[in-house]
Amino acid sequence: MIRLHMLIGVLCVVVATSPADVFAQFGNSAPGVDPRARRAAREQVVASVGPIARDFVETHGDEAVAALFACSKPVAVKLAQFHASGDLGRLPRPRDLLLAIARPGCGDDVTVWAIGHAMELADRDSFDAYLINPLEYAMGLKPLATGTAEVRARRLQQAAMPIRPAAPPHANGWEEMAPETKLCITGGVFLIGVFAIVMWRRRQSAAL
């Protein structure tokens with residue numbers, strides 16, 4: 001029961017938000033989760049999995065705790081060993097994989113498959129493809145090579161899209177006018193000014 005409460009406390013943000021949002025939020029702290037509860041969860045999972053989990057949870061924090069809680073003890077030990085060997089750190093975004101493992105229903109299957117295919121997942125496109133739907137690959141429903149090709153094709157297509165040049169600063173109307181137009185306007189303003197002065201002097205003379 002205690003372990004269940006710990007898991008609920010750590011996973012509440014994982015379930016409520018997308019993996020990208022969770023990754024950003026869990027960098028230093030999980031909003032809304034008491035730091036004491038988070039520390040207690042780390043200690044609980046280390047006590048359950050064993051000392052090998054200590055460096056794992058201190059390095060990857062709440063994501064590691066959530067992933068370990070999502071696995072059975074034998075697989076949790078394998079995941080901690082995966083980190084200790086350095087193989088987890090060779091993946092493009094280790095914490096994103098931990099968040100995928102922590103998804104409901106993923107746990108053991110996603111972990112075991114990822115550990116067994118670590119060399120393939122070191123490729124960024126393959127890694128991204130796996131994270132989209134890890135159970136699809138873990139259950140053998142789709143070859144990783146197919147998903148990798150799809151992700152790579154999308155990435156290359158986006159990279160090939162032309163970048164629109166920035167619009168030039170909008171010039172004011174005066175700068176856009178032809179020189180002849182500017183001359184006419186200047187002359188007109190000058191004549192209006194002269195006419196205004198003449199009329200003013202006439203009024204002054206009439207007043208005298």
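Just so it is clear, none of the values below were taken in a lab; they were calculated from the coordinates. Please read all numbers here as calculations on a predicted model, not as lab measurements. All Cβ positions, glycine included, derive from the backbone under ideal geometry; neighbour counts span all protein chains shown.
For this structure, a couple of remarks:
- Residue order for 71, 106, fewest other beta carbons within 10 angstrom first, comes to 106, 71.
- Backbone N under 18 Å from the residue 81 label point (7 Å along Cα→Cβ), restricted to segment 104-127: 108-119
- Residue-wise HN-Hα coupling along segment 114-131, computed from phi with Karplus coefficients 6.51, -1.76, 1.60 (Hz; x: Gly, Pro): 5, 5, x, 10, 4, 5, 5, 6, 5, 6, 4, 5, 5, 4, 4, 5, 5, 5
- In order through segment 63-70: 3J(HN,Hα) via Karplus (6.51 cos²θ - 1.76 cosθ + 1.60), integer Hz, x for Gly, Pro: 5, 5, 4, 4, 5, 5, 5, 7
- Label positions at residue 118 and residue 36, each projected 7 Å from the Cα along the C-beta direction, are separated by 3.8 nm.
- Residues 115, 163, sorted so that the one with the fewest Cβ neighbours within 10 Å comes first: 163, 115
- 3J(HN,Hα) from dihedral phi, segment 92-102, Karplus parametrisation 6.51/-1.76/1.60, rounded to Hz, x for glycine, proline: x, 9, x, 5, 5, 5, 4, 5, 5, 4, 6
- Listed from fewest to most Cβ neighbours within 10 Å, the set 48, 72 follows the order 72, 48.
- Fully extending the segment from residue 161 to residue 133 would add 7.4 nm, taking 0.36 nm per residue of separation and subtracting the current Cα-Cα distance.
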